[in-house]
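*Asks:* Before we start, here is the structure in question, set down as structure tokens.
The values are calculated or read from the model by the stated rules, or taken from the named source; none is laboratory data. Here the structure is a predicted model, which is why all the values come from computation and not from measurement. Neighbour counts are summed over all protein chains in view; Cβ atoms, including those assigned to glycine, are modelled from backbone coordinates with ideal geometry.
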Amino acid sequence: MRLARLMLPFALLLGACATAEQTAPAVNSSAAYTGIPIPDTPVGKKLSWYLGALSALPIPAEQINEHFAPSFVKQVPADQINEVSKQLKGLRVVEVQRATETDLVALVESGGNQAKLSMSVDPAGQIAGLLISPADAPTPASWGDVDERLATLAPSGFLAAGQDCKPVHGIEPDRARPLGSMFKLYVLGAVAQEVKAGRLSWGDQLTVTDALKSLPSGELQDRPDGTKVAVKEAAKLMISISDNTATDLLIDRVGKPAVEALIRSWSSNADKNLPLLTTRELFILKGADYPEYAEGFLKAPDRRAYLDDTVDKVPNSEVEVWTNPREITTIEWFGSPTDMCRALVNLHGLGGPELDEIMGANDAGLGLDRKTWPTVWFKGGSEPGVLTLGFLARSDQNKIGVVVVQAADEKKVIPEVAAATEMLAIVRGSFGLLHR
């Protein structure tokens, strides 16, 4: 849910570029210069353009504005795009691993080194996500291997379980840690309950207003005031690209009390999340005149009143990026691996094609075999010092598996690309162990 922070090579929300579907779109044979044919899809055409642009650097600003979404350029300006692109000269595609119309994951090579490229485009066909990360790490073959691999990361909690959320394997599965954007599962749960009760419809319209705009990740913050967005679209943006403004619009629609009530019902650590923070409020507390508002909030005898009377009046323009962990044990959203397993299982229990579409829109590049795991749901989160991944998958035997990994380090930044690559390998191996 963070503000943009430059990751090598691009600053993007974890998993925002990956796809949850494997299809076989038509290919563009004219892109064969890349090594293999590139899908003739909106995202494939942008990848072909970008690979061509790498041979004629620097990319002119007008071309960057034409091909990259405003939300991307706002986070990674043209000069940074060009600076990083210098390191990618000669990049070629070795294998397209997964592709839909709007999302693509490919194995790429440059200078004899291989990496994974993930790209996504927005509804206008502009590049909204671009991440080049280490190639997939090998998957662990035993729970002992899982423990050894997790020990190399930041202090971590872990749970691999079935539908009952009882550990098949776990590391401190009941200890609450910061969640980052994984808390948005609770917001989606509150929305889904309101829909089920008939008090809300997936087609109901929300209105983007300046007062409800948060900061990236996401795209709704860039839409004009008065823009209408359906509840379902906002929910899908909240989960698939972790759109913070979409999250706050949904919280505003259902009300904080409804989300807080759901957290009390689903979590053993509800008190740590009260009063519920919107994403905008967290940005103000940690990024505006830090540590003034953070200290004021923590010392306030009535924290809810402090949010309403003080924090909510601070404009987004006062928020500055932070690059080191800040208050991750005091100002965040919290839950244990077991809590998040319950959230995923309870959401799955609410059922309906809308929830399946929303939660299945992005698998973070996990890449489970869809014959074995036809349904894969994902939500993760990050900020400096926090990295979380949570997955629910339904097997070909109609059994539910859940794997949650939470890493938190209040003293130093977690190397996000390397850590996420390792976490995904651990999760991938864990689902294999659950399926035995």
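*Asks:* Would you point out the residue of the range 225-245, among those that are at pLDDT 95 or above and assigned to a loop (DSSP other than H, G, I, E, B), that is surrounded by the fewest Cβ atoms within 10 Å (Cβ to Cβ)?
*Replies:* GLY226
*Asks:* ALA137: within 27 Å of PRO178 (Cβ to Cβ), among the small types (Gly, Ala, Ser), in contact with a Ser or Thr (Cβ under 9 Å, 6 or more places away or on another chain) and in a strand (DSSP E or B), yes or no? First the steps, then the outcome.
*Replies:* Working: within 27 Å of PRO178 (Cβ to Cβ): yes; among the small types (Gly, Ala, Ser): yes; in contact with a Ser or Thr (Cβ under 9 Å, 6 or more places away or on another chain): yes; in a strand (DSSP E or B): no.
Considered against the rule, which asks whether it is within 27 Å of PRO178 (Cβ to Cβ), among the small types (Gly, Ala, Ser), in contact with a Ser or Thr (Cβ under 9 Å, 6 or more places away or on another chain) and in a strand (DSSP E or B), ALA137 comes out as no.
*Asks:* Starting from the range 403-430, keep only residues that are closer than 11 Å to GLY380 by Cβ, then list their pairs with residues that are charged (D, E, K, R) and surrounded by fewer than 21 Cβ atoms within 10 Å (Cβ to Cβ) whose Cβ atoms are within a distance under 8 Å, requiring at least 6 positions of separation or different chains.
*Replies:* The qualifying pairs are LEU424/ASP136.
*Asks:* Let me ask something additional. Look at the range 311-361 and say how many of its residues are free of Cβ contacts under 8 Å to residues at least 40 places away in the same chain and surrounded by 14 or more Cβ atoms within 10 Å (Cβ to Cβ).
*Replies:* Total meeting the criteria: 4.
*Asks:* Considering only the range 167-202, state which residues are touching a residue at least 12 places away in the same chain (Cβ under 8 Å), in a loop (DSSP other than H, G, I, E, B) and over 24 Å from the mean Cα position of the chain (by Cα).
*Replies:* Correct list: LEU200, SER201.
*Asks:* Please specify each residue of the range 74-112 satisfying the condition of being assigned to a helix (DSSP H, G or I) and of a type in the set (D, E, K, R). Break it down stepwise before answering.
*Replies:* First, the residues of the range 74-112 that are assigned to a helix (DSSP H, G or I): 74-75, 78-88.
Selection gives LYS74, ASP79, GLU83, LYS86.
Condition check ((1) under 23 Å from ASP147 (Cβ atoms); (2) modelled with pLDDT of 95 or more; (3) part of a strand (DSSP E or B)) across all residues:
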position: GLU354; (1), (2), (3): no, yes, no
position: LYS371; (1), (2), (3): no, no, no
position: ALA393; (1), (2), (3): yes, yes, yes
position: VAL402; (1), (2), (3): yes, yes, yes
position: ALA418; (1), (2), (3): yes, no, no
position: THR421; (1), (2), (3): yes, no, no
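*Asks:* Quick check, is VAL76 surrounded by 15 or more Cβ atoms within 10 Å (Cβ to Cβ) and either in contact with a Pro (Cβ under 7 Å, 6 or more places away or on another chain) or under 23 Å from ALA137 (Cα atoms) (or both)?
*Replies:* Details: surrounded by 15 or more Cβ atoms within 10 Å (Cβ to Cβ): yes; either in contact with a Pro (Cβ under 7 Å, 6 or more places away or on another chain) or under 23 Å from ALA137 (Cα atoms) (or both): no.
Considered against the rule, which asks whether it is surrounded by 15 or more Cβ atoms within 10 Å (Cβ to Cβ) and either in contact with a Pro (Cβ under 7 Å, 6 or more places away or on another chain) or under 23 Å from ALA137 (Cα atoms) (or both), VAL76 comes out as no.
*Asks:* Do you know which of the residues in the range 39-73 that are surrounded by fewer than 17 Cβ atoms within 10 Å (Cβ to Cβ) and small (Gly, Ala, Ser) is farthest from VAL94 (Cα to Cα)?
*Replies:* ALA61
*Asks:* Condition first: within 22 Å of ALA418 (Cα to Cα) and out of contact with any Leu (no Cβ under 9 Å at 6 or more places or on another chain). Now tell me which residues in the range 91-110 satisfy that. Reasoning before the result, please.
*Replies:* In the first step, residues of the range 91-110 are kept if they are within 22 Å of ALA418 (Cα to Cα); the result is 91-98, 103-110.
Listed by number, the list holds a single entry, ASP103.
*Asks:* Of all residues in the range 94-145 being small (Gly, Ala, Ser), farther than 25 Å from VAL427 by Cα and out of contact with any Asp or Glu (no Cβ under 8 Å at 6 or more places or on another chain), which is surrounded by the fewest Cβ atoms within 10 Å (Cβ to Cβ)?
*Replies:* Among them, the one singled out is GLY112.
*Asks:* Surrounded by fewer than 21 Cβ atoms within 10 Å (Cβ to Cβ), within 30 Å of LYS166 (Cα to Cα) and not aromatic (Phe, Trp, Tyr): does that describe PRO291?
*Replies:* No: the conditions fail for PRO291.
*Asks:* Would you check if THR375 is under 27 Å from SER268 (Cβ atoms), out of contact with any Cys (no Cβ under 6 Å at 6 or more places or on another chain) and either surrounded by 18 or more Cβ atoms within 10 Å (Cβ to Cβ) or not assigned by TED's automatic domain parsing to the domain that holds ALA115 (or both)?
*Replies:* Here the answer is yes, as THR375 does meet what is asked.
*Asks:* Starting from the range 79-106, keep only residues that are within 16 Å of ALA128 (Cα to Cα), then list their pairs with residues that are modelled with pLDDT under 90 and in a helix (DSSP H, G or I) whose Cβ atoms are within a distance under 9 Å, requiring at least 6 positions of separation or different chains.
*Replies:* Within 9 Å, the pairs are ILE81/PHE72; ILE81/VAL73.
*Asks:* Looking at the range 214-265 only, could you name the residues that are within 19 Å of PHE334 (Cα to Cα) and among the hydroxyl-bearing types (Ser, Thr, Tyr)?
*Replies:* Residues satisfying the conditions are SER242, THR247, SER265.
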